[in-house]
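Working notes, beginning with the structure itself.
The values are calculated or read from the model by the stated rules, or taken from the named source; none is laboratory data. All figures in this text were calculated on a predicted structure; none of them were measured in a lab. Cβ: placed from backbone, ideal geometry, glycine included. Neighbour counts: every protein chain shown. Side chains included, ligands, DNA and RNA excluded: accessible areas come from the protein's heavy atoms. Shrake-Rupley method; radii C 1.70, N 1.55, O 1.52, S 1.80 Å.
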Amino acid sequence: MSHVAPAPAKAAGTPANSNTPFTRRAIGVVFELACGSSTWVGLLVLLFLIGILIWRASGYFQGPVGVQVANASPILVVGEQSQEHLKGFVKLTGQLTVSKTGRLEFAATKVKKIRRPVEEIPPARVTLTGLAVRPSQPSPLEVRLGDLVVTVPDATTLPSENGVWQLKGTPVLNQGRLSLTGEVECELVEEQAPAAETSAELEGVATPPRQTVWGFLSNSDSTYPGQAGLLAGFWGTFWVILFTVVISIPIGIGAALYLEEYATANWTTRFIQLNLANLAGVPSIVYGILGLTVFVRMFGMFKEPGTWKVLGLAIPLPLGASVLSGALTLSLLVLPVVIIATQEALRAVPPSIRHGSYALGATRWQTIWHQVLPAAVPGISTGVILAISRAIGETAPLIIIGVPTFLQETPGDIRSVGQVFQSPGDLAHVPFSSFTALPLVIYQWIRQADPTFSVSLSAAGILVLLAMLLALNGIAIFIRSRFQRQSRW
Amino acid sequence: MVIPPSLSHLAASKGPPRPGSAAGTGADDELPKIESKNLNFFYGSSQALFDICLPIRARHVTALIGPSGCGKSTFLRTLNRMNDLIEVRRLTGQVLLDGVDVYDPEIDVVALRKRVGMVFQKSNPFPKSIYENVAYGPRIAGTNKRSILDGIVEDSLKKSALWDEVRNRLNDSALNLSGGQQQRLCIARALATSPEVLLMDEPASALDPSSTSRIEDLVSELKENYTIVIVTHNMQQAARVSDYTAFFYQGKLVEMGETSTLFLKPKEKQTEDYITGRFG
Ligand SMILES: Nc1ncnc2c1ncn2[C@@H]1O[C@H](COP(=O)(O)OP(=O)(O)OP(=O)(O)O)[C@@H](O)[C@H]1O
Ligand SMILES: [Mg+2]
């Protein structure tokens, strides 16, 4: 007791007091807390982020945010007061007016949520009133609604006199996107008759703009939130990343092997080494500009875009914003990272392993191939997969090289895995097809005014992207643990 | 000398017998198997070996002793040209293996290292299975038939006195073996390419007494068929296992002779001081 008290007193005010057992322990605790809390804060933020994404996306998959009447655009939204639950559906009665811009408008207040699931959608009935134009041929009949012309291709009755007609058929709206089975009621007039004020009555069942998760994954992008999906983005990303891997791994590992195992340390190799480190830090948008000049436009060498026919393939020249251009651009981006990671993995293989191999009469190549590379696989694969994960999320370079953000076609028109086996010939077209990528699709959705796109669909897309990254990192961890069990030294 | 049955398939698998190999005659034993003549070695500009003339007798054990940093390992590595891996180095003089200079530009280094095997001070098994460790040498030499490899692996492991301990777990990782077992595995690995000369750089320095004595027994057995050069810091070990001993000091060969003579009646004062423990 008495011998403890003088110690702080003696040390008070001098630097030596930072070395008492108490301060030592206190500093230890503070550091542990600081490091621990940053870990926990990071984890919490991540969980919070994922939670928000799931919450936002789930609204889209579980229940409607708005109510869509068939495929009318924009979405028809009906008032909460007027909604009448009918087997979980909302019955709509209202005025549908056709605006000059070719859009169908429906005045009503918003429905926030319809909780009951949709089981079965009875066909909506739409009654269009307008002026019918007598066609030169008996069919199809055109109905003019304001500035819009609705074609009724399979009209069943076609009276020969003027008057009010009842037509049964499928009206197809040319510019707007109304495609409903319904009745068309119209007045037949002479072709030169002036366009009158027209209106359409719509009586139908509201279907919410939503789909199943599977639908979301298997549909291409669409302007209707109820039909928009990730398919084109998924396949685009898949092919671009596959080609990036195929291009960057052999080149990257080869370059690293050369620099580590063959090249002697001289001025040139030191210069290359320094630049690799710099290149790994160059912003990705710079690689986009490089890719645009070199691959997409090919320095403008080709005055007119042409094709180069070789082995039955039509290779477009310059390459344009094709899968191949994207993959080459992303390869430039990941190569420095792959090379540096591989070099570090090779350097971590102890020299004693190499010496053991040489002493048994192995050549340099045999030593590298049989001993050094297998021992470096965990390090190499981790580095490569981290680089690839980065490439998957890259948006800027792809936008720069001109990759479309809205595209419904998949590269080579391959829409399913089965198709690859059924017609492998399609694969040859993949590298030269245009494509879009997951981050670009998400970017396009986020920019939309409609919250179904900018909130729900984009959140769902980000979740898919995150899931892909996690899967890749899982593979990295698997390879690591798999090879590391063998290679302890 | 007759090839023991356990060795016969090795002799068969490596093509025509070489002069001075295990099939040699008694007369061969009188000639040095490997001999350095006026050997100088430089690391960059600093000289590590000075004018070494050292004959090494076939099918005998030659021990290299001397204080740390005197150039024992450097000398050992000149014998199978492992020093080639050092970037800035220079060598003058000759190393004759069966009368042929191994530094002749015509010489195939890979073939040389198959004839002159090496065991390192620190055991360095490959991060692979026990089987693959031993089979690696023959494999890279072009032997791929599983049955032949199986025979070589079993034989080499038997010769290095490891077979009984690992026969049931040949596919386990070599890194799971104990330090002593790993070192014996490295010996087995060196034996699998059926070398004529075996260089051992302090093979027992990191091992416990019982593992050490197993390795010593092994050396005594192996000298029936192999020419062995062993570096050691342990005087008793040198006295126990070697037939000849060479004493190195500061890069020079001070004295070389039969082990019993060198230890009991050293000619040089430096040798006497060293073996009696007065320095080093
Ligand atoms: N790779 C190298 N580069 C430069 N100098 C070296 C290298 N290896 C060894 N030397 C030097 O050469 C001399 C001889 O070294 P060597 O390793 O042959 O000694 P040694 O007798 O084996 O010693 P020890 O008993 O400690 O293993 C030492 O002075 C050492 O510093
Ligand atoms: Mg040494």
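Rolling a 1.4 Å probe over the protein heavy atoms gives chain B an accessible area of 42 Å² per residue. Compute the acute angle (0 to 90°) between the alpha-carbon long axis of helix B:179-192 and the principal axis of greatest extent of the alpha-carbon atoms of chain B; round to the nearest 10°. Tilt of helix B:179-192: around 80 degrees. Taken per residue, the accessible surface of the range A:231-484 reaches 45 Å², heavy atoms only and a 1.4 Å probe.
Between chain A and chain B, the total buried accessible area stands at approximately 2000 Å², from heavy atoms with a 1.4 Å probe.
The calculated 222 nm mean residue ellipticity attributable to helices in chain B amounts to -10500 deg cm²/dmol, summing -39500 (n - 2.57) over DSSP H runs of n ≥ 4 and dividing by all residues.
Calculate, in nm to one decimal, what B:R146 and B:R278 gain on full extension: separation in residues at 0.36 nm each, minus their alpha carbon distance. Walk me through the numbers before you get to the answer.
Numbers: separation 132, 0.36 × 132 = 47.52 nm, distance 5.42 nm.
Result for the pair: 42.1 nm of gain on full extension.
Taking the chain by itself as reference, the range A:325-356 contains these residues with an accessible-area loss of 40 Å² or more in the full protein complex (1.4 Å probe, heavy atoms): A:I353, A:H355. Among the residues of B:117-128, the average count of other protein chain beta-carbon atoms within 10 Å of the residue beta-carbon is 5. Interface residues of the range B:88-116, defined as those with an accessible-area decrease of at least 40 Å² between the chain by itself and the complete set of protein chains (probe 1.4 Å), are B:V110, B:R113.
Across chain B, the fraction of Cα-Cα pairs farther apart than 28 Å, rounded to a whole number, is 35%.
Note the angle between two axes, namely the Cα long axis of helix B:130-140 and the longest principal axis of the Cα atoms of chain B, as a number of degrees from 0 to 90, rounded to the nearest 10. The helix B:130-140 is inclined about 80 degrees to chain B. Think of the range A:231-484 as having a plus end and a minus end, set by charges on the Cβ of Lys, Arg, Asp and Glu; of A:V372, A:Y287, A:L440, A:V372 sits farthest toward the positive end of this dipole. Remark: spin-label model distance B:A206-A:L313 equals 5.1 nm, labels positioned 7 Å along the Cα→Cβ axis. Only Lys, Arg, Asp and Glu carry charge here, each on its Cβ (+1 for the first two, -1 for the last two); on that basis the range A:231-484 has a dipole of about 460 debye about its Cα centre. Highest-first packing order for the peptide set B:189-202, A:367-380, A:281-294 is B:189-202, A:367-380, A:281-294, based on the mean count of other beta carbon atoms within 10 Å. Taken along the Cα-to-beta-carbon direction at a fixed 7 Å, the label points for A:N19 and B:Q94 span 6.6 nm.
Could I get the Rg over Rh figure for the range A:231-484? Both from C-alpha atoms, Rh via Kirkwood, rounded to two places.
Values: Rg = 20.5 Å, Rh = 20.0 Å.
That ratio is 1.02, to two decimals.
Counts of other chain beta carbons within 10 angstrom of each beta carbon in peptide B:129-140 average 3. Where does helix B:209-222 land angle-wise versus the long Cα axis of chain B, in degrees 0 to 90, nearest 10? On a 0 to 90 degree scale, this one is about 80.
Overall, the accessible surface of chain B at a probe of 1.4 angstrom is composed of carbon and sulfur to the extent of 50 percent.
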